[in-house]
Each structure stands twice: as structure tokens, then as C-alpha cells.
Amino acid sequence: MSLPAEQLPQMRFDITEAARILRLSRATLYERVREGKIKTQKDGRRSFITVAELQRYIAATDSCAH
């Protein structure tokens, strides 16, 4: 039995969505990607950031704040 698409969990986000989630500008997000602080997945020409990578980045930046 499969779930309708609208009920499936979102596993990855495009750059614009990820920037919105992190409350960063797209330019800042691309800078973090270039610095190697956030890893992307390529699918053809598009770049995506997984939920796990967003969580890892948030946890890493949170631990630096303390």
C-alpha cells in the first residue's frame, strides 16, 4: 500500500527551500556549500539538501554557539 504524494515525508529540499528553513539568504547558503559546511546532492543540474544534512548543520552550528 502506498501513500499519496502529499502524505510522503519530504526527504530533501531545493536550495530556495533549504535557505528558507535555515533562515539564510540563498547567497549565504551557497557560501556555506562552497565552504564545505553544508553538503548537497546533485540530481542532474539541480542541487538538493537532505533533511539529515540540515539537521547535522543545525546541530553543528548550535554546538559552536555554546
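The values are calculated or read from the model by the stated rules, or taken from the named source; none is laboratory data. This is a predicted model, so every value here is computed, not measured. As a convention, Cβ positions derive from the backbone with ideal geometry for all residues, glycine included, and neighbour counts pool all protein chains shown.
If I go through the range 24-49 residue by residue, how many of them are out of contact with any helix residue (DSSP H, G or I) (no Cβ under 9 Å at 6 or more places or on another chain) and surrounded by 12 or more Cβ atoms within 10 Å (Cβ to Cβ)?
Final tally of qualifying residues: 1.
Any residue at all in the range 51-58 that's more than 12 Å from the chain's Cα centre (by Cα) and surrounded by fewer than 16 Cβ atoms within 10 Å (Cβ to Cβ)?
no
Just to verify a result, which residue in the range 1-23, among those that are farther than 14 Å from SER47 by Cα, of a type in the set (A, V, I, L, M, F, W, C) and at pLDDT 85 or above, is surrounded by the fewest Cβ atoms within 10 Å (Cβ to Cβ)?
If we take residues in the range 1-23 being farther than 14 Å from SER47 by Cα, of a type in the set (A, V, I, L, M, F, W, C) and at pLDDT 85 or above, then ILE21 is surrounded by the fewest Cβ atoms within 10 Å (Cβ to Cβ).
I need the full set of residues from the range 18-52 which are of a type in the set (D, E, K, R) and either touching a strand residue (DSSP E or B) at 6+ places or on another chain (Cβ under 7 Å) or within 24 Å of SER63 (Cβ to Cβ) (or both), in order please.
ARG20, ARG23, GLU31, ARG32, ARG34, GLU35, LYS37, LYS39, ARG46
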